[in-house]
1. Every residue in segment 25-39 that is over 18 Å from residue 90 (Cα atoms) and within 12 Å of the chain's Cα centre (by Cα), please.
2. Test residue 89 against the criterion of being surrounded by fewer than 18 Cβ atoms within 10 Å (Cβ to Cβ) and modelled with pLDDT under 95, and give yes or no.
3. Spot the failing condition for residue 102; the list is (1) part of a loop (DSSP other than H, G, I, E, B); (2) touching a strand residue (DSSP E or B) at 6+ places or on another chain (Cβ under 9 Å); (3) at pLDDT 90 or above, and only one is missed.
4. Count, please, the residues in segment 40-59 that happen to be closer than 14 Å to residue 17 by Cα and within 15 Å of the chain's Cα centre (by Cα).
5. For segment 57-79, state whether one or more residues are in contact with a helix residue (DSSP H, G or I) (Cβ under 8 Å, 6 or more places away or on another chain), exposed (fewer than 14 other Cβ atoms within 10 Å of the Cβ) and at pLDDT 90 or above.
């Protein structure tokens, strides 16, 4: 069993799945992201403690969507935690002023994945 299994975000994920269904919670998480992530298999693996992928990404999604956790972005202001992660993984686009600002600020931000 993984060390993250007893963390509050996993307990929140379990409680949400028990309150409705694993499929419904997966759809809720997908709707907040890109529509495909996480897959039902990923949610199932997280609940079993067997997930070997990017656990920080799942944690950020659960904390942002189910726990309504926010972070203070130095560029945008207060945003849901999963939005912070989405901005970090987007490709740089010199034609997009927001992405230019984020590319400058994200590496030194306390919420940056590079600090994880």
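The values are calculated or read from the model by the stated rules, or taken from the named source; none is laboratory data. If you're wondering where the values come from, they're calculated on a predicted model, not measured in any experiment. So basically every Cβ, Gly included, is an ideal-geometry build from the backbone, and we count neighbours across all protein chains shown.
1. Applying the first criterion (over 18 Å from residue 90 (Cα atoms)) to segment 25-39 yields 25-29, 39.
29 - this is the single residue of segment 25-39 that is over 18 Å from residue 90 (Cα atoms) and within 12 Å of the chain's Cα centre (by Cα).
2. Working: surrounded by fewer than 18 Cβ atoms within 10 Å (Cβ to Cβ): yes; modelled with pLDDT under 95: yes.
For residue 89, the condition - surrounded by fewer than 18 Cβ atoms within 10 Å (Cβ to Cβ) and modelled with pLDDT under 95 - is met.
3. Every listed condition holds for residue 102 apart from (1).
4. Residues of segment 40-59 closer than 14 Å to residue 17 by Cα: 40-48.
Those still in the list that are within 15 Å of the chain's Cα centre (by Cα) too: 42-43, 46.
Matching residues across segment 40-59 total 3.
5. no
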